[in-house]
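Would you mind keeping the following structure in view while I ask a few things?
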Amino acid sequence: MNSCFICDMNKPPQVLIIIIIIIIINFFQCCDQLGMYTLSMITEISSDQFLPHASSLVYMLANTLNQLENLSSPLSYYTLLTMIHIVPLVEGDQALANLFTQLMPRVMDAVRALVQTDEDKAVEVMELFDDLVESVISVIVPHIKPLVEMCLMFAANKDLGDPIRVKALGFIGWIARSKKKAIVKHKLVQPIVDVLFLLMSVPPDNEEMEEYFIDDESSTPMTCATQTLDILALHLPPDKLFQPLLQYVEPSLQGDDVYKQKASYLTMAVLAEGCAEHIRTKYLESFLQCICKGIRAPIGVVRNAALFALGQFSEHLQCTFHVHTCRNTCFEQCHQPEISHYASELLPVLFDYLSQLCSQLQNNGKEPPGVDRMFYALEMFCENLGDELLPYLPTLMERIFTALSPTNSVHLRELALSAVGATANAAKEGMIPYFPRVIEYLKTYLAHDQTDETMCLQVQAVDTLGVLARTVGSETFLPLAKESIQLGLKLVSGTDDPDLRKSVYGLFGSISTVLKEDMSSVLPTIVELMLGSLRSSDGIVAHFKEEENNAFPVYDDLSDTPDEEDIENESEGEEEDEDITGIVENAYVDEKEACLALKELSEHTGAAFLPYLEKCFEEVFKLITYPQDEIRKAVLDTLLQFCISFSKITTDKGKIALLKALALLIPKCSELIRMDEERGVVMAALDVYCDLLTEVKRPVLEGEGHRDAIINCIKDVMTYKTECQDKEDEGSDDPEAEQDEMLIECAGNIVPSLGKAMTPNDFAKKQCTVSQRSFSVGTLSECMEPLGPRVAQFVPQLLPLFLQLAKDESDEVRNNAIFGVGEMVLHGKEALYPYPFGTYFPEILQALSAAVSKEANPSALDNICGALARMLISNVSGVPMDHIVETTCPRPFLQNQAPAVPVLLILDTGESSLCQSVTRESLGTDLCKELSNLLGTSCTVSSVAAGQSLPWTLTKGAVVSNGFTVFCIKLFDGAPTLNTFMKFKHVTLNEPVFPVFVNYLPLRQDFDENKAVFRCLLHLYQMGHPLLQKFLSPLVRASLVVINCQQGDKETLELVSNFISMVRRDFTEEFNKIVSDLPAELTPVVQQLFSS
């Protein structure tokens, strides 16, 4: 079709009119098919031309589909194709989305009809569901249950071809990623698991060559089922998934069906990544016992699946804490002890397998099936054992050297070379006795040209050499370091093989850990090689207008204003960059991992790398929107290291370069956090913020809008506003998937780093506006709820900030800060109770007491009531309800701040009552001297004779009345060591808390706080607290005011009604007297409440 013909579509829609006429005219049956075929072709080529007529077009498609009697007809097929092509027009148009929503049942009927007549066409039109999930998921949401049920029916139907079954499973995976809550809500987990386990239990066509996951050449219902279960494990709460699966796994392992046994081991394997913590805490021992049994199974199909499960467990259950996905190129030792306990049982079996396969190869020259699974399990298990591998190292290396024999197959030798690297990662210097022999094997493949068949051995040899450079120690590898660099340069200059280039770049990064600044002489050549790869036209690089005029074209206009665009919480989305003119495909994606080698060079070569730093930042930054998520993560990690390296340049030029880099990286991370659909990328961007604040500190916040960008990202993650989160999660009390919890944890980890980089005094600076202070403290306050128990680690940084801002001159800032104090107490729970010789509660109560005595702003007063309510909900025993209190609260004692004397040192033995006596001898003169030096002043040490009571009682809620400055000394292994120094501040509360609390009810302005107030009252009521009866009259009056004026949402008003009803039920006489004394405007409220 002539392109100018389509371009003219912007003029009066003559073509559209003609097509409509053809479809309407039904003289000949083929005419409407021809018209719809033509329309499907035009919309595929240029759907945007129909934007002005989108509504008419969709109505026409709806009428066509609804009037069809034969939904398997060509007209039905072309109608669905046209709907696929105009999905971009529906995005953002609610009216069109509603029309599509109404059409979904008819579309599903058409798909079912096409499946019966032409499966290939059915596969094509099912693309509509995928496109809608990706672009206009609101169309799909009302129909998730019937859509999933239809796809399950297709997937389970053995009479259908693989393509339609694979397509159906793929859609279920899409839904699991995007709307996992809906799967749980509609009770779809069990039927999905039923079908997936059934498909995973199907006998493979070739047991020796069976694949478990989808790859370029293997896309079967079985591999798709395994992949879909993996997606479910990553996105569903473990407790929602495990019970349905265990109903199959347990009986299958005890049964005789080897394929169900295989499916059971595959199930364990795919659960390992997404449900790691759940397995560790509840199932690790039982699962490992099953796996130990499975790897001894005589049936290969079972044994291979068990070996795969062992490898997955070793890979994903090795750490109990979040580790940055890209921070360390080399292996980080953080093995899981429970798995290592099985080493004596598992390793001999794996060693025997290795010995047997070498013998089998030598005897008949045929590689036995399952060799890949065996090596995968061996590598993962050994690598994560750490130094616990050392007792088994001689046997393991003997087996590996046998496998490296030149008479063995190329594939086996490649696996053996990789196993050497895994072993070195675990054993480290323990590999030194084997180092010379390993190098001799490596030279076989490094010093000579290789054929196409043996090139993989050269690539793996380079990888293994790089691992050895990192692990055996600098002294051992140093004699080979420069020779290895020259070898790498020779290899990379004589090849176009992308795998070899990637391995050589990794080798250079590894050697930088050995040579450090001594690499300066080869850096020009190495850096230019890597930059050439980053710039190569092979890459998928976005091209921008005016690119040639700007060194950093990607973010010329990141924001409409100098400040970060999120300051007013406008985080709903962004339009695509209109300056992008095209992309280029790349077949060699892995080559871009050269940026990780640049990161290591920057990290380890120090000043030698500085001349290349700015240019490298520029080139790597261009890859930050790379299509592959692993590359985006690597780019973020590399840019982070570049910024850390910039921060170590002490010159003015270095400071300017750092600020310039941060001005690009901070906003881009903000964009990725909010808009990227991959959780791993979002977590990497959050980690960049956390590490920048930790390593670079204050300069990170100096740029325009940087602080607001970081805080807003924390808030967006905590409130489920990012693209990688299910929006239905916000406000839900349902358990999260472990990966979602990790995302929240990453955002929470930024908070203490931000608190350290941004002191309370920063908020008082003139350049920090009231709106910025209010927004920042408000966002931090709202983060308390999603952080939950994790609030504990942020209390030392955030509580002083909240308390200082509670005295701010701005009403709004004070209001948000007081709200933050209450939220911290409510969600931090026990973290706010204990502290050495006191609690946080007295200090908080004194701050609130001081605030209420002079506060005039009604909203701030309401938030003081809300904060007190949260304190009472959290720990009523920590609040003086009806008496005046004199107590002490701890304050951090700063270095070089002279203390009040005398000083008393107390040994903390870890017991709740501490110790009852202390002697000067038990402290030791060295410890006292150390304390004096640290404080910068001489200290008088008061000693207490053995058996003599201390000057006060050191128990919960005790009073320190002697004016001592007290230092807590922790006792580790019998030796006292300095710990946290606390200076106790005397606190007096001038009024009992509860009467003051009641006196400020009902609330005046911030009626959202009524929810906390009445939750508190109901909590006290259920406790039977005696003070409630004393204050029933003002509390009932306040409750009736809330009901009468509708001061709260539906949930709040229900809480108030419940409180009034319980008072009427349990204190009838008092209630009637209260009602008789009510003002006239409140009497009808009581009548209305109890009229039914």
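The values are calculated or read from the model by the stated rules, or taken from the named source; none is laboratory data. The structure presented is a predicted model; accordingly, all values stated were derived computationally and were not measured. All Cβ positions, even for glycine, are placed from backbone atoms using ideal geometry, and neighbour counts span all protein chains on display. Quick note on the areas: whole protein, heavy atoms, side chains included, nothing else; ligands and nucleic acids left out. Shrake-Rupley method; radii C 1.70, N 1.55, O 1.52, S 1.80 Å.
Give me a count of the residues in region 638-659 that are surrounded by fewer than 18 Cβ atoms within 10 Å (Cβ to Cβ) and in contact with a Gly (Cβ under 7 Å, 6 or more places away or on another chain).
So the answer is 1.
Test residue 431 against the stated conditions and say whether it is closer than 22 Å to residue 469 by Cα, open to solvent by less than 10 Å² (accessible area, probe 1.4 Å) and out of contact with any Lys or Arg (no Cβ under 8 Å at 6 or more places or on another chain). Walk me through it before giving the result.
Numbers: closer than 22 Å to residue 469 by Cα: yes; open to solvent by less than 10 Å² (accessible area, probe 1.4 Å): yes; out of contact with any Lys or Arg (no Cβ under 8 Å at 6 or more places or on another chain): yes.
Here the answer is yes, as residue 431 does meet what is asked.
Follow-up question, since we're still on this one. Across region 1074-1083, what is the total count of residues that are surrounded by 12 or more Cβ atoms within 10 Å (Cβ to Cβ) and either outside any helix (DSSP H, G or I) or free of Cβ contacts under 8 Å to residues at least 40 places away in the same chain (or both)?
Kept after step one, since they are surrounded by 12 or more Cβ atoms within 10 Å (Cβ to Cβ), are these residues of region 1074-1083: 1074-1075, 1078, 1082-1083.
Checking the rest, the ones that are also either outside any helix (DSSP H, G or I) or free of Cβ contacts under 8 Å to residues at least 40 places away in the same chain (or both) come to 1075, 1078, 1082-1083.
Number of matching residues: 4.
So for region 463-485 (the condition being acidic (Asp, Glu), open to solvent by 10 Å² or more (accessible area, probe 1.4 Å), in a helix (DSSP H, G or I) and touching a helix residue (DSSP H, G or I) at 6+ places or on another chain (Cβ under 7 Å)), does at least one residue qualify?
Yes - at least one qualifying residue is present in region 463-485.
Under the condition of being assigned to a helix (DSSP H, G or I) and over 14 Å from residue 416 (Cβ atoms), which residue from region 447-458 is least open to solvent (accessible area, probe 1.4 Å)?
458
Taking the conditions exactly as written (touching a residue at least 40 places away in the same chain (Cβ under 8 Å) and open to solvent by 40 Å² or more (accessible area, probe 1.4 Å)), does residue 110 satisfy them or not? Break it down stepwise before answering.
Values: touching a residue at least 40 places away in the same chain (Cβ under 8 Å): yes; open to solvent by 40 Å² or more (accessible area, probe 1.4 Å): no.
No.
While we're looking at this one, here's another question. Taking only pairs six or more apart or across chains, which ones have beta-carbon atoms under 7 Å, a first residue in region 841-852 that is among the acidic types (Asp, Glu), and a second residue that is open to solvent by less than 20 Å² (accessible area, probe 1.4 Å)?
Close Cβ pairs satisfying both conditions: 843/889; 843/987.
For the structure I just gave you, tell me whether residue 175 is free of Cβ contacts under 8 Å to residues at least 40 places away in the same chain and more than 19 Å from residue 200 (Cα to Cα).
Spelling it out, it is not the case that residue 175 is free of Cβ contacts under 8 Å to residues at least 40 places away in the same chain and more than 19 Å from residue 200 (Cα to Cα).
For residue 259, are the conditions met, namely being within 17 Å of residue 226 (Cβ to Cβ), in a helix (DSSP H, G or I) and more than 32 Å from the chain's Cα centre (by Cα)?
yes
Can you tell me which residues in region 252-275 are open to solvent by 40 Å² or more (accessible area, probe 1.4 Å) and either within 23 Å of residue 211 (Cα to Cα) or at pLDDT 95 or above (or both)?
256, 257, 259, 260, 273
Looking at region 85-103, is at least one residue farther than 19 Å from residue 43 by Cβ and either of a type in the set (Lys, Arg) or touching a His at 6+ places or on another chain (Cβ under 8 Å) (or both)? Talk me through it step by step, then tell me what you get.
Of region 85-103, the ones farther than 19 Å from residue 43 by Cβ are 94, 98, 101-102.
Then keep just the ones that are either of a type in the set (Lys, Arg) or touching a His at 6+ places or on another chain (Cβ under 8 Å) (or both); that gives 101.
The answer is yes, given that some residue of region 85-103 is farther than 19 Å from residue 43 by Cβ and either of a type in the set (Lys, Arg) or touching a His at 6+ places or on another chain (Cβ under 8 Å) (or both).
Yes/no per residue for (1) small (Gly, Ala, Ser); (2) touching a Gly at 6+ places or on another chain (Cβ under 7 Å); (3) surrounded by fewer than 17 Cβ atoms within 10 Å (Cβ to Cβ):
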| position | (1), (2), (3) |
| --- | --- |
| 142 | no, no, yes |
| 155 | yes, no, no |
| 161 | yes, no, yes |
| 164 | no, no, no |
| 169 | no, no, no |
| 179 | no, no, no |
| 182 | yes, no, no |
| 211 | no, no, yes |
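Yes/no matrix, rows are residues, columns are (1) of a type in the set (Val, Ile, Thr); (2) over 16 Å from residue 87 (Cα atoms); (3) at pLDDT below 85:
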residue	(1), (2), (3)
4	no, yes, yes
26	no, yes, yes
33	no, yes, yes
43	yes, no, no
57	no, no, no
62	no, no, no
67	no, yes, no
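Quick check on my filter: what residues within region 993-1020 are open to solvent by 10 Å² or more (accessible area, probe 1.4 Å), at pLDDT below 90 and of a type in the set (Phe, Trp, Tyr)?
Result: 1000, single match.
Please tell me if residue 711 is at pLDDT 95 or above and not charged (D, E, K, R).
Criteria not met by residue 711.
Identify all residues within region 246-271 that are among the aromatic types (Phe, Trp, Tyr) and under 15 Å from residue 303 (Cα atoms); write none if there are none.
Those that are among the aromatic types (Phe, Trp, Tyr) and under 15 Å from residue 303 (Cα atoms): 259, 265.
Can you pull out every residue in region 276-291 that is among the aromatic types (Phe, Trp, Tyr) and open to solvent by 30 Å² or more (accessible area, probe 1.4 Å)? Show your work before the answer.
First, the residues of region 276-291 that are among the aromatic types (Phe, Trp, Tyr): 283, 287.
Residue satisfying the conditions is 283 alone.
Out of the residues in region 486-517 that are assigned to a helix (DSSP H, G or I) and of a type in the set (Ser, Thr, Tyr), which is most open to solvent (accessible area, probe 1.4 Å)?
Among residues in region 486-517 that are assigned to a helix (DSSP H, G or I) and of a type in the set (Ser, Thr, Tyr), the one most open to solvent (accessible area, probe 1.4 Å) is 493.
Looking at region 113-135 only, could you name the residues that are within 22 Å of residue 64 (Cα to Cα), open to solvent by less than 40 Å² (accessible area, probe 1.4 Å) and either among the β-branched types (Val, Ile, Thr) or part of a helix (DSSP H, G or I) (or both)?
Within region 113-135, 113, 114, 115, 122, 123, 125, 128, 129, 131, 132 meet the criteria.
Does residue 395 satisfy being out of contact with any strand residue (DSSP E or B) (no Cβ under 8 Å at 6 or more places or on another chain), without any contact (Cβ under 8 Å) to a residue 40 or more places away in the chain and either charged (D, E, K, R) or in a helix (DSSP H, G or I) (or both)?
No.
Let me ask another. Do any residues in region 786-797 that are farther than 20 Å from residue 736 by Cα have Cβ atoms under 9 Å from those of residues that are crowded, with 19+ Cβ neighbours inside 10 Å and hydroxyl-bearing (Ser, Thr, Tyr), where the two are at least six apart or on different chains, and which pairs are they?
795/840; 797/753
Every residue in region 32-67 that is open to solvent by less than 30 Å² (accessible area, probe 1.4 Å) and within 20 Å of residue 139 (Cβ to Cβ), please.
If the condition is that a residue be open to solvent by less than 30 Å² (accessible area, probe 1.4 Å) and within 20 Å of residue 139 (Cβ to Cβ), then 40, 43, 47, 50, 54, 57, 58, 60, 61, 62, 64, 65 are the ones that fit.
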